[in-house]
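> A single structure is presented below for examination.
Rule-based calculations on the coordinates, nothing more; no lab input. Just so we're clear, the structure is a prediction, and the values are computed from it rather than from any experiment. Cβ: placed from backbone, ideal geometry, glycine included. Neighbour counts: every protein chain shown.
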Amino acid sequence: MVATRAGTGHPRTRKRALKKRTLKKALRAYWRQYLAISPFYVLFAVFMLGPVLFSLFLAFHKWDGLGPMEFVGLQNFRFMVKDSLFWQSLTNTFAIWFLSTIPMLLLALVLAAMLNSSVRFGGFYRVAYFIPNVTSIVAIAIFFGSVFANQVGLVNVVLQWLHVGTVGWLTDSFAIKLVISALITWQWTGYNAIIYLAGMQAISSELYEAARIDGAGPVKCFLKITLPLLRPVILFTVIMSAIGGMQTFTEPQVLFGTVDATNPDTGGPGHAGLTTVLYLYREAFNFNQLGYGAAIAWALFLVILLFTVINWRLIAGSGRRDR
């Protein structure tokens, strides 16, 4: 008994001691490598992790950015629950996400299927479809603002030429959401098409050959082979679109940032284009309510997390039922 107590000890204690010795050996052997990659972690801690933790701390305080902080507990969150403008911004964000994501992903699937076939100048089309994604979003928003202008916009000029009548694209509540959704769709369709194309090219051609021998046509091959095997890629694009759509900011900010010179960043007439991130920016940096802005940021984080989990459950669950 004395030998056992003095020798090896409890198994958990032995595991901890072994881990410590292994860690020390690794540090002694690879300290140069760890030192080489340490700038990334230092910068990440200073400019990413630090601000995130500070924003959580700030959400429980009232602060204008200059004066002393005042601890208010859950007061920011209580006010947010009763804030009708916050709920309107959240509703606008969901509406814009819905109006942009569904057509965007459907168009991306169609474009990817066309590029996956033996089309001439395929490389040129891939680059052309991807260009909107690398174009400055500010330039795109200014361009769309000109195209959809109420009086002299190209869209309304064409509608007048067709004797249909003009639309107040930048004044009507629903039309504002359509313009922002069209902008997002135009920018991100090519990006998602390239992702879908990569997934389609990873599918074995033997599956399609066997299906053709059995008499399956192109449509049946797409529905029975391509879509089921592309489900993980579709899940990825839906989740990324949900995360990106919930953070829509630049589009309404550029389109409607100068509508009201004394109080910009309102999202246009009637706050129809006011997204949650734009509202966060407005409260924090226009009204200097940094604590309330931090509370909105964390509420939006929880909404994105919940929304992502729901999307993942729906698509992954439908995939399991199909099997």
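> Starting from the 7 Å offset along Cα-to-Cβ, what nm value, one decimal, do you get for the label separation of S146 and K224?
With each label point 7 Å from Cα toward Cβ, the separation is 5.1 nm.
> Moving to a separate point now. Taking H placed 1.01 Å from N in the peptide plane, check which residues at least 5 places from K62 or on another chain put their amide H under 5 Å from its amide H.
Counting only residues 5 or more places away or on other chains, the set is E70, F71, V72.
> Here's something else I'd like to know. Quick one: if you stick a label point 7 Å off each Cα along the C-beta vector at V127 and A139, how many nm between them?
1.6
> Three principal axis extents, largest first, for the C-alpha atoms of segment 177-216, in Å?
Taking max minus min along each principal axis of the Cα atoms, segment 177-216 gives 47, 19, 8 Å.
> Based on the Kirkwood radius over alpha-carbon pairs, what is the Stokes-Einstein translational diffusion coefficient of segment 79-322 at 4 °C with 1.567 mPa s viscosity, in µm²/s?
So the translational diffusion coefficient is about 65 µm²/s.
> Next up: What do you get for Rg/Rh of segment 139-274 when both radii come from the Cα atoms and Rh is the Kirkwood radius?
Across segment 139-274, the Cα-based Rg/Rh ratio is 1.16.
> How big is the convex hull of the Cα atoms of segment 198-300, per residue, in Å³? Kindly include the intermediate steps, with their values, before the conclusion.
Values: hull volume 13.9 nm³, N = 103.
Looking at segment 198-300, the number lands at 135 Å³ per residue.
> Can I ask one more? Using every Cα-Cα pair within segment 81-150, state what percent have a distance larger than 19 Å. Kindly include the intermediate steps, with their values, before the conclusion.
Numbers: 1453 of 2415 pairs.
Roughly 60 percent, once rounded to a whole number.
> Now a separate question. Testing the spin-label approximation: label points 7 Å from Cα along Cα→Cβ at R231 and V303. State their distance in nm.
The two pseudo-label positions are separated by 3.0 nm.
> Can you tell me the dipole magnitude for the chain around its Cα centre, using point charges on the Cβ only (Lys, Arg +1; Asp, Glu -1), in Debye to the nearest 20?
Details: 27 positive and 12 negative charges, 557 e Å.
Value, rounded to 20: 2680 debye.
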